[in-house]
Amino acid sequence: MLEVRALRAGYGAVEVLRGVDLDIARGEIVALLGSNGVGKTTFAGVLSGLVPAWSGTVMFNGSAIAGLGAGRIVDLGLIHVPEGRHVFPNLTVRENLELGAYRRARANRARNIDHVVSVFPRLKERFSQKAGTLSGGEQQMLAIGRGMMAEPELLILDEPSIGLSPLLVEEMFDLIGNLKREGLTILLVEQNVLQSMEIADRAFVMENGQIRLSGKPADLMDDPDLQRAYLGLA
Amino acid sequence: MRQLVLLLAVFAVIALAPFVIASEFSLNLVIMVLYAALLGQAWNILGGYGGQFSFGHAAYFGTGAYTVAVLQVQLGINPWIGLVAGGLLAIGVAAFIGLATFRYGLRGSYFALVTLAFAEVLRILSNSVDFTGAGVGILIPLAPGVANLQFETKTGYFFLVWTFTLAAFLAVWWIGHSRFGASLAAVRDNEEAARALGVNAFRVKMGAIMLSGLFSGLAGVFYAQYFLYLDPYIAYGPAISVESLLVPIIGGMGTLFGPLLGAAALHAVSELTREIIGEVPGISLVLYGALLVVMVMFLPRGLAGLGERLFARRRPKAGETGHA
């Protein structure tokens, strides 16, 4: 579904991504792991057209999307939920969700709202409340729900667990696991290695703007050197 | 839909003013309130709905005013044509300022400062070229008649400004109920998230600044035809920019009726002080400053927000109260 080859990008003169290769098959959860500042968020931004690519190719369902505008990429069904609970604080939960269908699946808005609140029942309780009054976990759920409104072919979740309490982190990963069971394809960008490994089908480990390792979570987790070197585990 | 009905009803009631108000003085006050509401609503489109705080709306106002005046005085062109040209040129100036700022991602105080600078540049330019009358100003010859966009009585001017103001309010009603308005609110609240949803933030902000510029320009056209005199300080000076933003801040930014409430409150207060203190030079600026501080401290959501709060207190809705 997604095939990234030799992707390079950065800001100004600073090269952040130094030739990234990565692929995702339909129906998978793929985790992109790595510590702070290795380029994970930049990578997610390039895929969704928010950050321009310098060189390399990104094929999504057979079409080259590197260099297309963010709007066109949304049209194709690649939906990015950016890092940091980006909700629209002065708009209600309902309005936030409706904006998720700004370009795609507009006709199915009502049906998809019903679906999103069935996945995230807490959003139903807060339906006509302003998003800025929601708790951190609820805002993250809203951001993900808003991404689902566009009926994504591929959903990119950037650090959905950041800043949440341990209990909520647990709940968030359960919810993401449920999304996979619904048939969604997900690229999960995370620092939380252990919990990402539990729900991912495959994982890529990024270091210094390049993919250093990839494979099935079980294989990656078994290698003690890998754990020390790349995953920050003792 | 209820909001639209209410809007039309309010403007219908206002339209009765010339028929029930006998005194020229009072009718003039209604005209000035409508004019201030027009200025404020224009700013509200970009500032209240778009979250881009402009300190230089005089740039559009002055362009509309000078266009209609210069075309008449220097080239003998009919002011009805000048009205259209003034509106279009104001849109053009807005598009230029929008390109110069949004293209380079200027936001917040940087955007505010650049808009202020553009208005000042235009003021200095209009002060130094001949065709605007430079520092002496430009006097539009008195020639009453609908064909000349001048009226014998205040009633004619009333309906001119009433029409412009109604158009601005209808435009803002539309913003509140359109896909464009939804994307504008999204950009205001969180530009990055809006872009991730496929909203073209640049195009949305350009649309807002041009619409905003149009209505400021029309306010300028009205001013020129009503007072028949302009100079660089009136047209491009900071007073217009300040009034443009004060009205919606007092009334309630990002609300449909805010600018009307703000305009009425502002004029009520300034008339009252004139009664009590008399004409003291600069007193209105002191008053505006104090008012702004009080509003921002105690009523950050303006008079419209106060109304909403009182209404909500009387009828609390289940499940919509506070939250940890």
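Quick note: the coordinates plus some simple rules give every number you see, no bench work behind them. Here the structure is a predicted model, which means the values were calculated and not measured. Neighbour counts run over all protein chains shown; Cβ positions are idealised from the backbone, glycine included.
Which one of these does A:G56 not meet: (1) outside any loop (DSSP other than H, G, I, E, B); (2) in contact (Cβ under 8 Å) with a residue 24 or more places away in the chain; (3) under 26 Å from A:Q195 (Cβ atoms); (4) not hydroxyl-bearing (S, T, Y)? A:G56 satisfies every listed condition except (3). Which one is nearest to the chain's Cα centre (by Cα), of the residues in region B:145-158 that are crowded, with 16+ Cβ neighbours inside 10 Å and among the hydrophobic types (A, V, I, L, M, F, W, C)? Among those residues, the one meeting the criterion is B:F158. Can you name every residue in region B:172-201 that is assigned to a helix (DSSP H, G or I) and at the interface with another protein chain (Cβ under 7 Å from one of its Cβ atoms)? Those that are assigned to a helix (DSSP H, G or I) and at the interface with another protein chain (Cβ under 7 Å from one of its Cβ atoms): B:A182, B:S183, B:A185, B:A186, B:D189, B:E192, B:A193, B:R195, B:A196. At least 3 residues being more than 11 Å from every other protein chain (Cβ to nearest Cβ) and surrounded by 20 or more Cβ atoms within 10 Å (Cβ to Cβ) is the threshold, and among the helices (runs of 4 or more DSSP H) wholly inside region A:88-181 those reaching it are A:109-119, A:136-148, A:166-181.
Just checking, does region B:94-110 include any residue being more than 27 Å from B:E191 (Cβ to Cβ) and crowded, with 24+ Cβ neighbours inside 10 Å? Among the residues of region B:94-110, not one is more than 27 Å from B:E191 (Cβ to Cβ) and crowded, with 24+ Cβ neighbours inside 10 Å, which makes the answer no. Taking residues in region B:173-187 that are more than 21 Å from B:P259 (Cα to Cα) and without any contact (Cβ under 8 Å) to a residue 24 or more places away in the chain, and partners anywhere that are of a type in the set (S, T, N, Q) and surrounded by 21 or more Cβ atoms within 10 Å (Cβ to Cβ), the pairs with Cβ atoms closer than 9 Å and at least 6 places apart or on different chains are B:A186/A:N96. Please determine whether any residue of region A:64-83 is more than 19 Å from A:F43 (Cβ to Cβ) and not in a helix (DSSP H, G or I). Checked region A:64-83: no residue is more than 19 Å from A:F43 (Cβ to Cβ) and not in a helix (DSSP H, G or I). If the condition is being surrounded by 16 or more Cβ atoms within 10 Å (Cβ to Cβ) and within 17 Å of B:S270 (Cβ to Cβ), then region B:290-305 contributes B:L291, B:M295, B:L303. Contact map, region A:71-83: residues that are at the interface with chain B (Cβ under 8 Å from one of its Cβ atoms) paired with residues that are of a type in the set (D, E, K, R) and not in a loop (DSSP other than H, G, I, E, B), Cβ distance under 7 Å, separation 6+ or inter-chain. Pairs shown: A:V81/A:D158; A:P82/A:D158; A:P82/B:E192.
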